[in-house]
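Take a look at the structure below.
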Amino acid sequence: MSLTRCGACGVPKRIAFMHRWRDDGILESRLGGSRGILVEREVFAGALDHIGETLGVPIDHIIIDAKRRDAKLYVDDVVSGITGAIARLRPFRRLGYLIMIRQAAMIGLAKARLLSYKPGIRFVGRVSSVYHPVLFVGDVCGAFESLEGKRCRPVYGQIGDVWYLELYVDDNLPKEERLELERTPEAPARAGFDRCGTCGVPLGVGNFHWDVAQGKIMDETTGEWIIYIDVEGLNTILRELERELGEEIPFMVSRFSFETYRKLIGSHPSYLGNLSFMKVRGFGIPDSDNPSREELEAGVAVRNPFNAPMVAGMVAAVSGGEGADFDWETPEPGVLLVRVRG
Ligand SMILES: [Zn+2]
């Protein structure tokens with residue numbers, strides 16, 4: 001698969017067409033209007049693995065259930081109207097899955113293939129490079145339940161580097177209430193983007209390389225795998241984990257975000273030298289890119305943060321030292337105050 005790129009900044013035209021970088025720092029899909037971020041795969045997927053390993057309890061079922069319900073709403077929105085009605089007709093449903101597989105590769109989630117499919121009965125697929133196998137099982141279950149209009153049961157496993165996934169319709173599973181999503185409140189903010197004169201995407205996004213053949217987005221400076229992920233889904237999964245496992249979850253997530261960015265800063269100190277990198281990613285708009293020690297102790301405000309613990313961890317990692325101590329609060333909706341000491 002090849003992509004037509006913007007002649008000026010190199011960002012694929014399809015990415016520019018599908019997403020909007022708003023002046024208030026919110027990055028959103030033009031199609032359904034849902035908010036997203038461009039984040040290091042490790043910061044989110046690694047945090048989930050870290051939670052499971054640290055607490056020593058199985059969490060796959062919580063992750064799959066929350067992701068499945070979020071992905072179903074996403075596909076309900078994206079594949080809607082007359083096109084949606086046609087895509088759900090038996091002869092066209094396979095095409096619906098192929099479009100979703102291409103979409104997953106576009107946003108850096110996975111290199112997936114449909115192996116076998118019987119409409120209304122069964123779906124078998126394989127995935128050889130995937131942002132997080134368990135999250136992806138949730139994604140595929142959600143797409144299946146949206147396109148088939150039926151609940152399903154997943155079976156999945158790994159052979160070498162390849163994951164196999166089978167979904168079966170299960171009419172005995174209960175119908176469910178609509179998932180309550182975690183919408184982020186919005187506050188006025190100004191990102192002050194320098195935009196590409198040709199496609200309008202903020203400069204800086206061109207530093208990412210969209211490798212659709214491998215289903216990855218790569219940060220060309222750090223070599224890190226970047227994913228585009230839906231903010232409501234991410235926040236819903238973290239909320240469900242906190243409900244099931246306890247209130248230490250946000251603290252664990254913030255420390256993990258801090259440590260992951262500290263490692264990246266160690267190898268790329270100038271690239272992540274201040275907080276300005278957060279804006280093009282859709283993370284939120286800090287009041288100051290280079291806060292002073294006094295400002296850090298009093299608290300740096302971040303407007304339109306996508307997730308409080310993750311943003312607090314990255315602000316402390318970039319602005320504080322190796323052993324920085326930090327906490328955060330939300331003084332008003334859409335504004336996060338991060339205090340950093342050390
Ligand atoms: Zn451009």
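Here, each number is a calculation from the coordinates, and none is a lab measurement. No experiment lies behind these values; they were computed from the predicted model shown. A quick note on method: Cβ atoms are made from the backbone with ideal geometry, for glycine too, and the neighbour counts reach across all protein chains shown.
Between Arg20 and Gln103, take the C-beta separation as r, use R0 = 22 Å, and let me know the FRET efficiency to the nearest 0.05.
0.85
Evaluate the charge dipole of the chain about its Cα centre and quote only its size in Debye, nearest 20, assuming +1 on the Cβ of each Lys and Arg and -1 on the Cβ of each Asp and Glu.
The dipole magnitude comes to about 1880 debye.
Give me His61, His132, His209, His50 sorted ascending by neighbouring Cβ count inside 10 Å, so fewest comes first. If you can, show how the numbers build up before the last one.
Details: His61 10, His132 21, His209 14, His50 17.
Lowest count first: His61, His209, His50, His132.
So what's the chain giving for Rg/Rh, alpha carbon basis, Kirkwood Rh from the mean inverse pair distance?
Rg/Rh: 0.96.
Under a Cβ-only charge scheme (Lys and Arg +1, Asp and Glu -1), can you give me the dipole magnitude of the range 53-169 about the Cα centre, in debye to the nearest 20? Can you show the working numbers first?
Numbers: 17 positive and 11 negative charges, 123 e Å.
Here the range 53-169 has a charge dipole of around 600 debye.
Per residue of the range 158-167, in order, report the coupling 6.51 cos²θ - 1.76 cosθ + 1.60 (Karplus, θ = phi - 60°) as ³J(HN,Hα) in whole Hz, putting x for Gly and Pro.
10, 10, x, 8, 9, 9, 10, 9, 10, 10
Under 18 Å from a point placed 7 Å out from the Cα of Leu31 along the Cα-to-Cβ direction: which residues of the range 140-155 have their backbone N that close?
Backbone N within reach: 140-149.
Which angle between 0 and 90 degrees, to the nearest 10, do you get for helix 308-319 versus the longest principal axis of the chain when only C-alpha atoms count?
Roughly 40 degrees between the two axes.
In units of 2.2 N^0.38 Å, what is the alpha-carbon radius of gyration of the range 17-75?
In units of the globular-protein estimate, the range 17-75 measures up at 1.43.
In debye to the nearest 20, how big a dipole does the range 247-342 give about its Cα centre with +1 on each Lys and Arg Cβ and -1 on each Asp and Glu Cβ?
400
Output the 0 to 90 degree angle, nearest 10, between the alpha-carbon long axis of helix 231-245 and the longest principal axis computed from the alpha carbons of the chain.
Orientation of helix 231-245: about 90 degrees from the principal axis.
Would you mind ranking Met252, Met278 by Cβ crowding within 10 Å, fewest neighbours first?
By the 10 Å Cβ count, ascending, the order reads Met252, Met278.
Between the range 98-124 and the range 1-38, what is the C-alpha centre distance in whole Å?
22
Among all cysteines in the chain, which have no other cysteine Cβ under 4.7 Å from their own Cβ?
Lacking a cysteine Cβ partner under 4.7 Å: Cys141, Cys152.
Report the full-extension gain for the segment Asn274 to Arg243: residue separation times 0.36 nm, less the Cα-Cα distance, to one decimal in nm.
7.8 nm
Would you list Ser319, Ser276, Ser267, Ser257 from fewest to most Cβ contacts within 10 Å?
Result, fewest neighbours first: Ser267, Ser276, Ser319, Ser257.
Could you work out the mean projected area of the convex hull around the alpha carbons of the range 247-342, in square nanometres to one decimal?
Average of the hull's projected areas for the range 247-342 equals 5.5 nm².
So what's the angle, to the nearest 10 degrees on a 0 to 90 scale, between helix 249-267 and the longest Cα principal axis of the chain?
Orientation of helix 249-267: about 70 degrees from the principal axis.
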